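The values are calculated or read from the model by the stated rules, or taken from the named source; none is laboratory data. Quick caveat: nothing in here was measured; it's all calculated off a predicted structure. Ideal geometry is used to build each Cβ from the backbone, glycine not excepted, and the neighbour counts take in all protein chains shown.
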Amino acid sequence: MLPGVIGLVQATEAVKILLGIGDKLVGRLLTYDALGMRFREVKLRRDPNCPLCGTSPTIKDLSIHHAGAGACEATPNGQAEAAGTDPAKASG
């Protein structure tokens with residue numbers, strides 16, 4: 001049942017955004033307690049110091065995510081590295 005509820009909420013939000021109608025969940029987080037069968041709404045505030053969406057963002061390029069799941073790959077020593085980097089060149 002839970003995936004159906006989550007999918008319905010997501011679909012409803014998408015329709016409201018596309019049509020520009022209704023009360024959207026912008027700035028709010030909707031949580032679901034499956035054991036208690038309760039929904040809870042939490043208001044969120046933007047962090048002015050956030051490196052992505054704050055007043056002076058330092059993260060401005062998200063192109064690493066264009067590669068999808070391969071953007072961060074595990075190496076034999078267990079360390080993660082960005083796709084397209086050469087470990088031999090990075091080590092010196």
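Okay, here's what the table says:
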{"read-out": "Matching residues in the range 1-31 - criterion: being of a type in the set (Val, Ile, Thr) and closer than 22 Å to Lys43 by Cβ", "value": "Val5, Ile6, Val9, Thr12, Ile17, Ile21, Val26, Thr31"}
{"read-out": "Strands (runs of 3 or more DSSP E) enclosed by the chain - at least 1 residues per element that are touching a Cys at 6+ places or on another chain (Cβ under 7 Å) and at pLDDT below 90", "value": "80-82"}
